[in-house]
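The values are calculated or read from the model by the stated rules, or taken from the named source; none is laboratory data. Please read all numbers here as calculations on a predicted model, not as lab measurements. Cβ placement follows ideal geometry from the backbone for every residue including glycine, while neighbour counts extend to all protein chains displayed. In case anyone asks, the SASA skips ligands and DNA or RNA and just uses the protein heavy atoms, side chains included. Shrake-Rupley method; radii C 1.70, N 1.55, O 1.52, S 1.80 Å.
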Amino acid sequence: MKISATEIENTNPRLGLTIGDPGGIGPEIILKALADPTVTENCDLTIIGSHRILQQTYQKLSQLSKKTQSQQLLVKWENLKILDVEFNGKLENIFPGKGNAVSGEASFCFMETAIAQTLAGKFQGIVTAPISKTCWQMAGHKYPGQTELLAEKAGVKKFGMLFFARSPHSNFVLRSLLGMLFFARSPHSNFVLRSLLATTHIPLCQVPKALTPELLSWKLELLIESLQKDFGISRPKIAVAGLNPHSGENGQLGTEEQNWLIPWLDKQRDRRPDIQLDGPVPPDTMWVKPGQAWLGLPAKTYDAYLALYHDQGLIPVKLMAFDLAVNTTIGLPFVRTSPDHGTAFDIAGQGIADATSMKAAIKLAKELILQRSY
């Protein structure tokens, strides 16, 4: 049976790319990412945002490219698919490098449109450029972030922030016995780092109260389901961090581990004999082996790491993979990925933003959609 060209095209992942806060680097990194043919191949990509802002950004990048005689922007404007979204406010009040209530309202409308279009079946996933939570608040939208808006609009109560990164070649320093320094290039280990946050955007003082056996149970459920459905790992190995220094030191440095975390882990192991579940691992040592594997050194690693609060999971991720990591929201009925960085207002409009994380976010979204279709 022959398949028509239209049918072949329709099998490609369909993604909506929101430009995020138009005063930030979102428009720039999307345009730069789409100049890479490995990003755009075998998928259907639509940019969701302001046509005028994208055109202004494109023109500025083109001028900078000619001035510096670089080839940083190769994508042809006429090849771009753009969904122009209207919003309350004037474009004249949006400036590169400055976030305000208007840019916050714009980015919120871009996001709402992307979600509505995805739930209606136009897209299979969303890749979101960074927004400013402060600008959302200034515009009257009281959400901790894009993740919470996605969950609410999708009607999902249980969701999680999973951070993903694949190690590249990397340079590191070797010190000889004579005290001389040498730079070495590690082999590509192909190590994949996955870190799920049990709690997300809450003050540190609220973390012990928010952490409960019930919360960790459904976070673990989501993680296992994602590893199996999205990454094809049928019998995953998972490390769970402790909350306190040295995982409480037998109750000397905190009692949460003794009181409920260790008993909870024992019950989960009994319930899931097919899953390797280790912990509570002392937070200060849990990331040593992943760090070694990231550099291409032999090390025992896990398929995923369950961190108990925001910085416990994100400091190591950003340290190892700041320009490479991707945030994906698990628990949604569609795929959502995002670069693991912010709006970078301080460099917006200068043409120097790095699109590596945005490229990785688009590529991961394609992979997840294809994996789910198997």
statement: Every listed condition ((1) open to solvent by 20 Å² or more (accessible area, probe 1.4 Å); (2) more than 24 Å from T329 (Cα to Cα)) holds for L61 save (1)
- request: Sort through T337, T343, T329, T356 and tell me the only one that's among the polar types (S, T, N, Q) and free of Cβ contacts under 8 Å to residues at least 60 places away in the same chain.
  value: T356
- request: Scan the range 282-304 and give yes if some residue there is open to solvent by less than 30 Å² (accessible area, probe 1.4 Å) and at positive phi, otherwise no.
  value: yes
task: Tell me which residues, restricted to the range 227-281, are open to solvent by less than 30 Å² (accessible area, probe 1.4 Å) and of a type in the set (D, E, K, R).
output: D230, E257
- prompt: List, please: which pairs have Cβ atoms under 7 Å, are six or more places apart or on different chains, and start with a residue in the range 257-285 that is farther than 12 Å from L220 by Cβ and touching a residue at least 24 places away in the same chain (Cβ under 8 Å) and end with one that is charged (D, E, K, R) and surrounded by fewer than 18 Cβ atoms within 10 Å (Cβ to Cβ)?
  reply: D274/R235; Q276/K237
- line: Selection from the range 335-360 of residues open to solvent by less than 10 Å² (accessible area, probe 1.4 Å) and either more than 22 Å from A106 (Cα to Cα) or aromatic (F, W, Y) (or both) yields V335, S357
field: Search result, residues across the range 274-288 that are under 21 Å from I262 (Cβ atoms) and of a type outside the set (D, E)
entry: I275, Q276, L277, G279, P280, V281, P282, P283, T285, M286, W287
- prompt: If we only count strands (runs of 3 or more DSSP E) wholly inside the range 81-170, which ones have 1 or more residues that are under 13 Å from S50 (Cα atoms)?
  reply: 82-84
